[in-house]
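First the structure, in the form of structure tokens, and then the observations on it.
The values are calculated or read from the model by the stated rules, or taken from the named source; none is laboratory data. Values in this document were obtained by computation on a predicted structure and should not be read as measured data. Heads up, the Cβs are rebuilt from the backbone with ideal geometry, glycines too, and the neighbour counts pull from every protein chain shown. Accessible surface is based on the protein model in full, side chains and every heavy atom, while ligands, DNA and RNA are left aside. Shrake-Rupley method; radii C 1.70, N 1.55, O 1.52, S 1.80 Å.
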Amino acid sequence: MTEHSLAFASAAELARLYRSHEASPVDVAREVLDAIERWNPRLNAYCHLDPESALADARGVHEGLEREAE
């Protein structure tokens, strides 16, 4: 996938990528956070961002998906 393409993927595409293990919720969270970091100085769309919590939540989702797959 190209740079930041996960940040703009549809829910259906993300579900396919998760099932095939081509991407994880952590990958998506990192790309979204990177996109925000890149564009927010220009757009000023976010006044509060908590990357640590976002990544922790993404890790929790990833772990849940892994348990479901077993």
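Summary of values
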{"item": "Every residue from region 39-60 that is open to solvent by 70 Å² or more (accessible area, probe 1.4 Å) and in contact (Cβ under 8 Å) with a residue 24 or more places away in the chain", "result": "Asp57, Arg59"}
{"item": "Condition met for Asp50 (out of contact with any helix residue (DSSP H, G or I) (no Cβ under 7 Å at 6 or more places or on another chain), under 15 Å from Leu6 (Cα atoms) and not β-branched (Val, Ile, Thr))", "result": "no"}
{"item": "Unique residue being modelled with pLDDT of 95 or more and either open to solvent by 80 Å² or more (accessible area, probe 1.4 Å) or outside any helix (DSSP H, G or I) (or both) when the list is Glu63, Glu3", "result": "Glu63"}
{"item": "Residue in region 21-36 that is at negative phi, part of a helix (DSSP H, G or I) and free of Cβ contacts under 8 Å to residues at least 12 places away in the same chain present", "result": "no"}
